[in-house]
1. Under 18 Å from residue 29 (Cα atoms) and of a type outside the set (A, V, I, L, M), is that true of residue 79?
2. Out of everything in the stretch 53-84 that is β-branched (Val, Ile, Thr) and in contact with a helix residue (DSSP H, G or I) (Cβ under 9 Å, 6 or more places away or on another chain), what residue ends up being farthest from residue 19 (Cα to Cα)?
3. Residue 96 fails exactly one of the following numbered conditions: (1) more than 15 Å from residue 20 (Cβ to Cβ); (2) modelled with pLDDT of 90 or more. What is the number of that condition?
Amino acid sequence: MPSSKKNASCPVETTLKVIGGKWKVLIIHFLLEDKKRFGELANCLGRISPKTLSQQLRELEEDGIILRKDFAEIPPKVEYSISTLGETLSPILHAMADWGGALEKRLKTTKRTLRTSSE
């Protein structure tokens, strides 16, 4: 959806600014299932550094996609959950899953593989 105006807004670009990158969609996916603590998210995601996970969670919280709840406990306890705005991403993630599943079937029948991401 190219635009001839330099400063014109592109809705796809706006969406990607919020959910783009290697981890954000997966974080949203897991939080759509249920609220999670930091360690639970780290386990779900696998190979993500604590620094990267913290940064991604902070950005999603700042953008209003997720909520962070701090409990006044020792040791500190924090839970992350999906916000009302974040819940509106559910049909988009379902569509992505459907598309990805169809692509996987197609790749399997053509015996092709996807190139690996450089991220």
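The values are calculated or read from the model by the stated rules, or taken from the named source; none is laboratory data. Everything numeric here is computed off the predicted structure, so don't read it as measured data. Cβ placement follows ideal geometry from the backbone for every residue including glycine, while neighbour counts extend to all protein chains displayed.
1. yes
2. Looking at the filtered set, the residue picked out is 78.
3. (1)
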